[in-house]
Amino acid sequence: MDAINSSRPTAQSAHPSLLEGEPTMPWIAHLPPLALIVAGLLLLRLFVGTVRSKPLHNELWASIDTVGVRPGGGALSRAVAIARSVTSMQETMREGYEKFSKAGKPFALPTMWMGGAIVVLPPSMLHLLNRPRDELSSFYALLDNAQFRYLMTDKDVWANTIHFDIVRKDLAPKNMGPLAGIMAEEWDAAFRSCWGDSKEGKVVNAWDSMVRIISHAALRIMVGLPGCRDENYLKQSRLYANAVLVDACFINCLPPAIRPVAGPIIALRARYHQRQLMKILVPMVEEKIRQYEDKGAEDDGPGDVIQWLIRVAQNHGPEQMTANKIAMRVLALTSMFVFAIGWVFAHAVLDIYCSPSHEELVSILEAECRRVSTEHQGLSTKEATDALYNVDSAIRESMRLNDVMVHLLPLDVISGDAIDLGGGRRITAGSGIRTVFPAQMVHLDPNLYRHPEQFDAFRFSREFDGSQQTAKRQLMTTVSTSFLPFGYGRHACPGRWFVAQMVKQALAHVLLNYDVEVTKRPGKRVSMLNFMLPPQSAEMRVSRKA
């Protein structure tokens with residue numbers, strides 16, 4: 001979700017037999033050996049790193065409060081703290097938030113991501129996100145986090161992100177009406193394919209099945225008909241999205257100096273799936289380019305991502321109008337469409353049906369869906385999904401509890417005024433010092449939310465019960481200093497209305513058509529460096545309602 005908050009500053013083969021299964025993301029099994037490997041690699045190059053470290057980073061360690069490092073500890077203590085960040089980011093961030101963020105103070109957080117420290121700014125400094133993007137940018141942090149330099153073969157695609165233009169324009173709120181109808185056509189087939197239509201019930205892996213469901217509908221928007229119904233394309237898209245995210249996470253867990261050697265090896269899986277997808281996508285794009293050239297700029301409905309990219313590419317020179325280039329840009333958006341939206345949907349379903357009061361919650365949510373469906377002759381319009389206030393509240397609450405990452409909203413100062421940390425400490429343009437915000441800890445702060453560890457489905461709709469007032473509602477798409485999954489200020493996600501509409505339609509389909517029983521609950525949430533691992537072990541029994 002946060003990937004589409006960023007724009008470039010204006011100064012602008014693995015063995016196939018191992019890769020064919022469904023994405024299971026066995027993250028946790030890799031954590032202990034990965035931590036040992038990382039620690040060994042980091043300690044081996046400790047002295048070289050100490051000698052070559054940037055003076056500004058040394059000054060940062062010395063001048064700012066730091067968590068996770070033994071007081072008075074030297075280079076060895078810092079190296080250990082950096083290695084430990086792979087498995088202890090949550091705990092370290094919580095310590096810093098309680099000690100410093102709540103007092104309005106920044107602190108330094110050791111992280112393998114940067115091979116050093118990042119500065120965690122307190123929520124009181126969120127106003128910085130209203131500064132222009134050509135002064136404070138998250139573009140380079142996005143590249144560092146996604147590791148596209150290893151995972152994607154075409155540098156022009158990941159370094160020249162014109163494909164984000166379509167998110168800002170074609171997924172804007174004014175375009176949600178036509179897209180709502182298109183997505184509504186996909187849900188029944190998607191659910192029947194993944195959950196079946198048995199009245200007796202079927203046990204499914206919660207995470208994988210719900211990501212597959214979202215894939216069906218999301219890829220309709222990506223490539224349109226008939227391509228989105230191609231089972232091989234659906235499968236390869238899921239495998240690619242999984243490979244990109246898993247491999248990027250593993251690369252981030254390595255010391256930066258090791259990445260140029262290990263990164264290309266780790267990326268072999270993602271590049272394999274990239275090649276498989278390109279074989280499918282390039283012919284689709286070639287056909288749509290021919291259609292575009294025949295029709296010109298004639299408006300033919302809302303279109304799909306390929307059509308939108310053709311229009312954008314035409315404005316950026318002939319080198320951008322090749323089928324290969326456009327297909328690669330579709331791939332660059334695939335993880336966002338498949339994984340990010342699947343994350344929100346899967347957690348919302350699990351939170352609702354794992355709740356101690358799930359029978360009451362489901363009854364209230366289902367009643368709302370039936371009432372709104374009757375009033376609007378279905379749930380295939382923007383007006384209908386907008387009226388699902390309790391469903392919206394339940395999803396927003398789930399997003400509050402289930403951040404994708406421990407810290408969000410990374411910023412680099414690239415021009416303009418420095419960031420003043422107080423006490424004469426400033427982060428200036430070109431310093432190489434990156435800042436972030438402690439989003440997960442904000443969402444779990446008891447000073448901001450009553451019983452923050454509990455899932456309260458109607459937390460954001462309760463006060464409006466029986467009222468038609470909407471002016472002050474905190475909807476899924478409402479960003480604030482206490483709700484940051486979609487960013488904040490000028491860095492708020494421009495695609496959040498699309499995410500909201502899609503997830504609300506999907507959840508409403510569950511409530512109206514399926515009985516759900518969680519047979520294996522998700523385990524304790526664990527982070528791998530900054531990334532929160534998905535609930536991949538959870539299982540559910542789903543049965544079609546009579």
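Among the listed pairs Lys199/Lys520; Lys472/Lys504; Lys105/Lys472; Lys202/Lys235; Lys169/Lys235; Lys235/Lys524, which have their C-alpha atoms separated by more than 24 angstrom in this model? Mind dumping the intermediate values first?
Working: Lys199/Lys520 20 Å; Lys472/Lys504 20 Å; Lys105/Lys472 31 Å; Lys202/Lys235 21 Å; Lys169/Lys235 28 Å; Lys235/Lys524 29 Å.
Those over the limit are Lys105/Lys472; Lys169/Lys235; Lys235/Lys524.
Taking the Cα centre of the chain as origin and assigning +1 to Lys and Arg Cβ atoms and -1 to Asp and Glu Cβ atoms, the resulting dipole is close to 1400 debye.
Binning the C-alpha pair distances of the chain at 10 Å intervals from 0 yields a P(r) profile of 3, 18, 29, 27, 17, 5, 1, 0 %, listed from the shortest bin outward.
Extents of the range 459-524, largest first, come to 41, 33, 24 Å (Cα atoms, principal axes, whole angstrom). Translational diffusion coefficient of the range 211-335 (Stokes-Einstein, Kirkwood radius from Cα pairs, 20 °C, 1.002 mPa s): 137 µm²/s.
Computed from backbone phi with θ = phi - 60° and the Karplus coefficients 6.51, -1.76 and 1.60, the 3J(HN,Hα) list for the range 356-366 is x, 10, 4, 4, 5, 4, 4, 4, 5, 5, 5 Hz; x is used for glycine and proline.
The residues neighbouring Phe460, those whose beta-carbon lies less than 10 Å from its own, together hold a net charge of +1 under the Lys/Arg +1, Asp/Glu -1 convention. The convex hull built on the alpha-carbon positions of the range 361-477 has an orientation-averaged projected area of 10.8 nm².
For the range 221-236, backbone phi angles converted through the Karplus equation (6.51, -1.76, 1.60; θ = phi - 60°) give residue-by-residue couplings of 6, 5, 10, x, 8, x, x, 5, 8, 6, 4, 5, 5, 4, 5, 5 Hz, Gly and Pro being listed as x. Remark on Thr66: its backbone amide H falls under 5 Å from those of Ala108, a criterion applied only to residues 5 or more positions apart or on other chains, H modelled at 1.01 Å from N. Residue-wise HN-Hα couplings along the range 80-85, as the Karplus relation 6.51 cos²θ - 1.76 cosθ + 1.60 with θ = phi - 60° gives them from phi, are 5, 4, 5, 5, 5, 4 Hz; Gly and Pro carry x.
Each residue of the range 178-227 gets 77 Å³ once the volume of the Cα convex hull is shared out per residue. Pop a pseudo-label 7 angstrom from the Cα along the beta-carbon direction at both Thr481 and Asp294 and give the gap in nm to one decimal. Going by the 7 Å Cα→Cβ label model, 5.7 nm.
For the chain, the solvent-accessible area works out to 40 Å² per residue, with a probe of 1.4 Å and every protein chain left in place.
The values are calculated or read from the model by the stated rules, or taken from the named source; none is laboratory data. What you see is a predicted model; the values in this text were computed from it and never measured. Every residue, glycine as well, gets a Cβ built from its backbone with ideal geometry; the counts of neighbours run over all protein chains shown. SASA here: full protein model, heavy atoms, side chains in, ligands and nucleic acids out. Shrake-Rupley method; radii C 1.70, N 1.55, O 1.52, S 1.80 Å.
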